[in-house]
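Here's the structure, in structure tokens; my notes come after.
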Amino acid sequence: MPELTWIGKEKVITHHQDVPYRVLEHKYGFSVEGGESEKETKSGNKIIHGDNLEALKALLPEYEGKIKCIYIDPPYNTGNEKWVYNDNVNHPKIKKWLNEVVGTEGEDLTRHDKWLCMMYPRLKLLHKLLSEDGAIFISIDDNEQANLKLICDEIFGKQNFRNNIIIKRGTKSVQAQFENIDKLGIACEFIVCYSKNNNYRLPHFYFQLDEIRKGTWNNHWRGTDRPTMRYEIFGITPQKGQWRWGKDRSIKAIENYKLCVDNLNDSNKEVNQDNIDLWYCENAINNNIEIDLLRLSKNNKPEHYIAPTNQKYGNNLWDDLLVNGTSEYNKYSDITFDNPKNPKIIERIVSWIADKDSIILDSFAGSGTTGHAVLNLNKLDGGNRKFILVEMEDYAQDITAERVKRVINGYGEGNKKVEGTGGEFDYYELGERLFLEDNNLNEEVGQEKIREYIYYTETKEFLNRERTKKDWYLLDNYLNTGYYFYYEKDKLTVLSIDNLNIVTQKAEQYVIYADICLLDKEFMLKNNIIFKKIPRDIKHF
């Protein structure tokens with residue numbers, strides 16, 4: 001497989017492992033009923049302000065392998081976006097890039113190297129967060145589409161590439177003023193789609209039609225050469241190609257059509273397309289079952305029935321939508337944001353890929369379009385989808401979060417007022433790192449954050465149990481195992497016979513974290529005690 005190389009690649013392909021784990025500091029919760037509050041809503045909807053590389057790392061304990069749908073709109077690297085490379089990678093050439101604005105092609109010969117160094121570790125973490133039955137969608141244009149495809153082949157697997165979706169963009173007709181041109185005008189952008197698992201299959205993708213399309217008939221023979229699918233129906237056995245269905249299904253479909261005709265004759269109804277459609281709707285659609293129909297055409301060729309529908313199959317050309325289109329919010333809001341994405345695009349992706357209880361992640365959140373789209377869909381179909389938005393820029397509060405607040409409450413005035421969707425979310429800032437550079441615990445984050453982290457690394461569950469004086473060192477019991485964090489800020493903790501009174505609740509097995517262990521192996525084996533040394537045995541994400 002072709003492999004893309006660039007300046008600094010050997011350092012960034014594992015950089016996601018070196019990114020420090022930081023805790024999320026809750027700043028406020030927001031709900032339609034109470035507005036802003038210090039209390040955490042625990043709704044599952046999150047807006048996180050901070051570097052998205054560190055934020056993605058902070059999400060791993062809770063969300064690794066759980067995100068059904070990821071949509072990101074990273075910098076296109078046009079040279080006009082003024083984005084800055086700021087990842088702290090230990091490489092002399094890369095360190096020279098820190099805090100430098102990435103310029104245009106002629107001004108910045110390492111523009112593509114910087115973009116690839118920025119994207120690679122973020123995609124590695126997004127891959128970890130994506131569920132086995134999930135898909136990631138990445139907006140991009142010609143500037144980096146080819147490079148993006150190659151690194152996604154490397155990270156997600158070439159076999160997991162699904163589609164390059166084409167989205168229409170507005171064009172300006174300025175070429176006529178020139179005698180000749182260097183290239184054609186750009187009329188589209190792309191959304192690159194990958195799955196995590198090669199066995200994953202995309203749901204069928206439909207467009208809604210404005211009106212119901214009548215039933216039609218389709219040739220039952222196809223050119224694909226499968227001898228096992230050649231058998232006799234209506235006295236015809238194909239010598240090449242195949243019938244569309246297996247023999248049993250085809251024979252049943254012939255019987256169904258005879259039944260349809262008999263029913264229409266018994267009712268003194270003409271056997272025409274309208275009446276066949278009506279019969280089908282009464283017997284199949286109303287009973288929520290599928291009924292196949294198969295008959296001979298006027299030309300004596302077997303043909304099968306395609307039922308009435310208000311949908312049609314879509315493909316990767318989404319030319320009915322504009323990339324930036326104008327949403328109601330963009331028209332009626334006083335908040336301005338350069339090139340916000342059309343929420344209809346994200347609504348289409350989410351409604352297609354994610355079920356009503358899925359988690360949707362956008363780690364380049366910008367103005368918050370993904371949150372807007374998820375709230376719209378939940379209001380439309382009563383879903384309980386959750387969004388996680390990550391934005392590193394200073395406008396995370398004043399634009400990203402503010403937009404979501406207005407969508408929840410409603411926006412616009414008078415006859416232009418848009419009704420609110422309802423809902424709630426929690427706003428976080430990236431806090432202190434959990435581990436210091438010497439790998440010792442950072443006590444500044446507080447014991448509760450440390451306890452929550454350790455319990456999650458052991459059980460993949462949240463620590464909801466309230467700490468009491470009686471069970472001071474107990475995290476919780478889970479699956480007949482008691483988890484204990486025997487830790488004091490100002491002294492070493494020693495697990496010994498004399499200190500076993502820290503175990504306050506009976507369990508079949510005990511996992512105990514402490515600084516030192518003086519229990520012998522035979523005693524621990526007999527009493528089902530597993531010792532883990534602080535900080536050595538604390539898992540790092």
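Couple of notes before you dig in:
- For the stretch 73-84, Karplus couplings with θ = phi - 60° (6.51, -1.76, 1.60), whole Hz, Gly/Pro x: 10, x, x, 7, 6, 7, x, 10, 8, 6, 7, 10
- Computed FRET value (nearest 0.05) for residue 179 with residue 202, which takes r as the C-beta separation and R₀ as 56 Å: 0.75
- Converting phi to 3J(HN,Hα) with the Karplus coefficients 6.51, -1.76 and 1.60 and the offset θ = phi - 60°, the stretch 185-198 yields x, 8, 10, 8, 10, 10, 10, 8, 10, 10, 9, 9, 10, 5 Hz in sequence order, with x at every glycine or proline.
- Extension reserve of the residue 150-residue 461 stretch, reckoned as 0.36 nm per residue once the Cα distance is removed: 108.4 nm
- Mean-position separation - Cα centroids, the stretch 1-45 and the stretch 110-141, in angstrom: 13 Å
- When the pairs 506/526; 149/196; 247/298; 93/158 are compared against a 18 Å limit on Cα-Cα distance, 247/298; 93/158 fall above it.
- The chain - share of DSSP beta bridges that are antiparallel (%, nearest 5): 60 percent
- Burial ranking of peptide ranges 185-194, 441-450 (average Cβ count within 10 Å, highest at the top): 185-194, 441-450
- The tail of the calculated P(r) for the stretch 443-533, taken as Cα-Cα distances beyond 15 Å, holds 58 percent of the pairs.
- Normalised contact order of the chain, rounded percent, pairs of Cα under 8 Å and 6 or more residues apart: 19 percent
- Net length gained if the chain between residue 379 and residue 33 were fully extended (0.36 nm per residue, minus Cα distance): 123.0 nm
- Rounded to the nearest 20 debye, dipole of the chain from Cβ charges on Lys, Arg, Asp, Glu: 1660 debye
- Summed residue charge, Cβ within 11 Å of residue 320's Cβ, Lys/Arg positive, Asp/Glu negative: +2
- Taking the number of Cβ atoms within 10 Å of each Cβ as an exposure proxy, the fewest-first ranking of 355, 153, 438, 319 is 438, 319, 355, 153.
- R0 of 41 Å, Cβ-Cβ distance residue 66-residue 251: FRET efficiency to nearest 0.05: 0.35
- Listed residue (208, 310, 297) projecting farthest to the positive dipole end of the stretch 206-312, Cβ model: 297
- Rounded to the nearest 20 debye, the dipole size of the stretch 499-541 about its Cα centre is 120 debye, using +1 on the Cβ of Lys and Arg and -1 on the Cβ of Asp and Glu.
- A cut-off under 15 angstrom between Cβ atoms defines the neighbours of residue 93, and their net charge, with Lys, Arg +1 and Asp, Glu -1, is +1.
- With neighbour counts taken as other beta-carbon atoms within 10 Å, the residues 221, 279, 472 rank, fewest first, as 472, 221, 279.
- Counting every other Cβ atom within 10 Å of each residue's Cβ, 87, 394 order from fewest to most as 394, 87.
- Put simply, the convex hull of the Cα atoms in the chain casts, on average, a shadow of 38.5 nm².
- Cut-off 12 Å between beta-carbons: net charge of the residues surrounding residue 224, Lys and Arg +1, Asp and Glu -1: +4
- Extension gain, residue 81 back to residue 268 (0.36 nm per residue minus Cα-Cα distance, nm): 60.3 nm
- Volume per residue that the Cα convex hull of the stretch 352-435 spans, once the total is divided by residue count, Å³: 119 Å³
- Label separation (residue 100 vs residue 158): 3.3 nm, computed from points 7 Å beyond Cα along the C-beta direction.
- Applying 1/(1 + (r/R0)^6) with r as the Cβ-Cβ distance of residue 413 and residue 321 and R0 = 22 angstrom yields a FRET efficiency of 0.20.
Coordinate-derived values only; no laboratory data. If you're wondering where the values come from, they're calculated on a predicted model, not measured in any experiment. Reconstructed Cβ throughout: ideal geometry from the backbone, glycine too, with neighbour counts over all protein chains shown.
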